[in-house]
Amino acid sequence: MVCIILGGGKGTRLFPLTEFRSKPAVPLGGKFRLIDIPISNCINSGINQIYLLTQFNSVSLHRHIRQTYAFDRFGGGFVEILAAQQTNDGESWYQGTADAVRKQLRYLEQPGIEHVLVVSGDQIYRMNYQQMLRTHVDSRADATIATLPVHREAASALGVMRIDSTGRVEGFLEKPTTDDELNLVRTEPSWFDAQGIPCKGRECLASMGIYLFNRDWLVEVLSKNNYQDFGKEVFPLSIRARRVQCHLFDGYWEDVGTIRSFYDANLAIASSSPPFNFADEEAPVYSRARHLPSTRIEGATVSNSLISDGCVIEKGAVIENSVIGLRCHIGQNVTIRNSILMGADLYDSDAQRSANARAGRPNLGIGADSVLEGVIADKNCAIGRKVRIQSHPGLEPNCDVKGVYVRDGIIVVPKDGVLSDGWSLK
């Protein structure tokens, strides 16, 4: 089995976090990136042949892959980046998820490949793909789709399956909204219970965007059609022509496609009872090893937060319900609540600090006596002293103001952003 990870489109709903990087390269949980989730799932599932399809703003993603994932030459493992490019077969960029795989079919037609797993690069979950392969093989399916039980209220934002008593998919409806539509794809709660999964009032099976194909069927369907999307085109055809099976999953799964969902997922991970726990001995999440010093905390108060490596947190700082990324320097008496700081790629040198002082520019990090609440500060931000980044009653939920962006009510300081001493939204 080989895995194809879809690197995603332009990521416009995650702007400005995707202004200079692709979605899978967005930092997560302080010291990881979104792409580390599916790659770690593959490694923990015994899959070491991984192709990553990329297209937009992929330089930082390529650098992260190159610096992180290196398999020994005896095991035959790899994480290979397949970027959109002009070839003799075509000159266009990827036009969709299925089109991206079609343009790289030659890598799947090599000898020894029986199954192809296709996953997204911007979701948070922990799954053993071998269990999905077992479902696929035992049911003699041509294609299998991972599904998640959800309540009717959540189904309107997802693709929902209609199945028979054996779990074979008989129909698919994208984002059903009316009662009539939901009733068409409703699954009997007793069916969930029979599979050993308590229904808990859930009566819909939503697609997780994780697909497993017999290699030959995938090559056939992509070679004979010009379909561009798996969910909207390839799977409806597969349901009509072949056996498509659902694989039940009942763990944490989050698609972080918007600023709000990304913000909520990070703060949930930092909570005292995180729905997704990075500290799992049996299925760890891997990332690039960085040779950074331990974080130094000088009399600060920290609660329900994640603090990454290489930080300096000075006396009097208060950090609550937040994620603090690598190399963060947080000054005296700074207050940070319900916020995500992505950290920095480097430390300011003494020469840089002197140059900053002469230019009246703040150093990397958060200056003394500043307050950040409900904020995402991207990498390499220089935020001065007595800065206040907080929402106020008159602030629009989606606007650009004074060098920051407001998306879904979250204030985002862009990468390399500079906020001078005394800066405030008011």
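The values are calculated or read from the model by the stated rules, or taken from the named source; none is laboratory data. Everything quoted here is computed from the prediction, not taken from an experiment. Here Cβ is always computed from backbone atoms with ideal geometry, including for glycine, and neighbour counts include all displayed protein chains.
At-a-glance table
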| item | result |
| --- | --- |
| Subset of region 5-16 [crowded, with 24+ Cβ neighbours inside 10 Å and either modelled with pLDDT of 95 or more or outside any strand (DSSP E or B) (or both)] | ILE5, GLY7, GLY8, LEU14 |
| Region 81-98 - residue that is outside any strand (DSSP E or B) and under 18 Å from PRO24 (Cβ atoms) and, of those, modelled with the lowest pLDDT | TRP93 |
| Selected residue (only one of ILE113, ILE163 is among the aliphatic types (A, V, I, L, M) and either surrounded by fewer than 14 Cβ atoms within 10 Å (Cβ to Cβ) or under 30 Å from GLU282 (Cα atoms) (or both)) | ILE113 |
| Count - residues of region 48-68 that are part of a loop (DSSP other than H, G, I, E, B) and surrounded by 20 or more Cβ atoms within 10 Å (Cβ to Cβ) | 1 |
| Residues within region 139-158 that are modelled with pLDDT of 95 or more and assigned to a loop (DSSP other than H, G, I, E, B), tallied | 4 |
| Strands (runs of 3 or more DSSP E) completely within region 328-375 that count 1 or more residues being under 24 Å from the mean Cα position of the chain (by Cα) and charged (D, E, K, R) | 335-337, 371-373 |
| Output for region 25-65, where each listed residue is touching a residue at least 40 places away in the same chain (Cβ under 8 Å), of a type in the set (Gly, Ala, Ser) and at negative phi | SER40, SER45, SER58, SER60 |
| Scan of region 387-399 for residues that are within 26 Å of the chain's Cα centre (by Cα) and more than 19 Å from GLY422 (Cα to Cα), ordered by number | PRO397, ASN398, CYS399 |
| Single residue of region 219-274 satisfying the filter (in a loop (DSSP other than H, G, I, E, B), touching a residue at least 12 places away in the same chain (Cβ under 8 Å) and closer than 19 Å to LEU148 by Cβ) that is nearest to the chain's Cα centre (by Cα) | VAL256 |
| Some residue of region 43-60 being in the same structural domain as ARG126 (by TED's automatic domain parsing), in contact with a strand residue (DSSP E or B) (Cβ under 8 Å, 6 or more places away or on another chain) and under 30 Å from THR295 (Cβ atoms) | no |
| Options VAL221, VAL234: the member that is modelled with pLDDT of 90 or more and of a type outside the set (Asp, Glu) | VAL221 |
| Sole exception among (1) at pLDDT 95 or above; (2) in a loop (DSSP other than H, G, I, E, B); (3) among the hydroxyl-bearing types (Ser, Thr, Tyr) for SER391, by number | (1) |
| Count of region 302-337 residues which are buried (at least 18 other Cβ atoms within 10 Å of the Cβ) and either in contact with a helix residue (DSSP H, G or I) (Cβ under 8 Å, 6 or more places away or on another chain) or of a type in the set (D, E, K, R) (or both) | 5 |
| Check on ILE43, at pLDDT 90 or above, more than 21 Å from SER308 (Cβ to Cβ), under 20 Å from the mean Cα position of the chain (by Cα) and in a loop (DSSP other than H, G, I, E, B) | no |
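Residues are listed down the side, and each one gets a yes or a no for (1) assigned to a helix (DSSP H, G or I); (2) touching a helix residue (DSSP H, G or I) at 6+ places or on another chain (Cβ under 9 Å); (3) under 15 Å from ASP250 (Cβ atoms); (4) assigned by TED's automatic domain parsing to the domain that holds PRO111:
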| position | (1), (2), (3), (4) |
| --- | --- |
| VAL160 | no, yes, no, yes |
| VAL169 | no, yes, no, yes |
| SER190 | yes, no, no, yes |
| ARG202 | no, yes, yes, yes |
| ALA206 | no, yes, yes, yes |
| TRP217 | yes, yes, no, yes |
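Rundown of residues vs (1) in a loop (DSSP other than H, G, I, E, B); (2) within 23 Å of ILE81 (Cα to Cα), yes/no style:
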site	(1), (2)
VAL101	no, yes
ARG106	no, yes
GLY112	yes, yes
VAL119	no, yes
ARG134	no, no
VAL137	no, no
